[in-house]
Amino acid sequence: MAWLASGDAPAIVISLRRDAAVRFEAATRRLVGSRLVVTLDEKLIAGALVEAPISGGRFQITLGRYGTHDLASTIALVLGVGEPLSVPLLLVDERRLPPRAG
C-alpha cells in the first residue's frame, strides 16, 4: 500500500494478497451502490461509494477535490501503509439508506 497525489486529489493505493482479493471482490460485488467506510475507534475516517465490484486485489481510494494530504496520510496510517494489517478486515454492519432529496 502507498499513497500518492492523483492530479489535484490525494489518493491511497492498496494491494491485497490473493485470498483477501477474492473475499474483497465478493464483498464489493454485494455492496455496489453502497458506501464502504474506514473507521478508527468507531470514528468515521473516510467513506467511498462502491461503483462496481473491485477485482484484481489492487485499488485506489481517491479523496476528491476536498481531500487533503493530511487526510490521505491519516487513512494510510489507519490502513497500515507499507505493511500487512495486524488485524483482519471485518464487515461489522451493513445498511442500505434511502437517497436524500436535495
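Filter the range 45-60 down to the residues that are closer than 15 Å to Glu25 by Cα, surrounded by 12 or more Cβ atoms within 10 Å (Cβ to Cβ) and not small (Gly, Ala, Ser) and list them by number.
Correct list: Val50, Pro53, Ile54, Arg58, Phe59, Gln60.
Looking at the range 37-82 only, could you name the residues that are over 24 Å from Asp19 (Cα atoms), hydrophobic (A, V, I, L, M, F, W, C) and part of a helix (DSSP H, G or I)?
Listed by number, the residues that qualify are Leu71, Ala72.
I'm told Val32 meets every condition in (1) assigned to a loop (DSSP other than H, G, I, E, B); (2) surrounded by 12 or more Cβ atoms within 10 Å (Cβ to Cβ); (3) touching a strand residue (DSSP E or B) at 6+ places or on another chain (Cβ under 8 Å) except one. Can you identify the failing condition by its number?
Of everything listed in (1) assigned to a loop (DSSP other than H, G, I, E, B); (2) surrounded by 12 or more Cβ atoms within 10 Å (Cβ to Cβ); (3) touching a strand residue (DSSP E or B) at 6+ places or on another chain (Cβ under 8 Å), Val32 misses just condition (3).
Each value in this text was obtained by applying a stated rule to the coordinates, not by laboratory testing. Remember, it's a predicted structure, so these values are computed and weren't measured experimentally. So basically every Cβ, Gly included, is an ideal-geometry build from the backbone, and we count neighbours across all protein chains shown.
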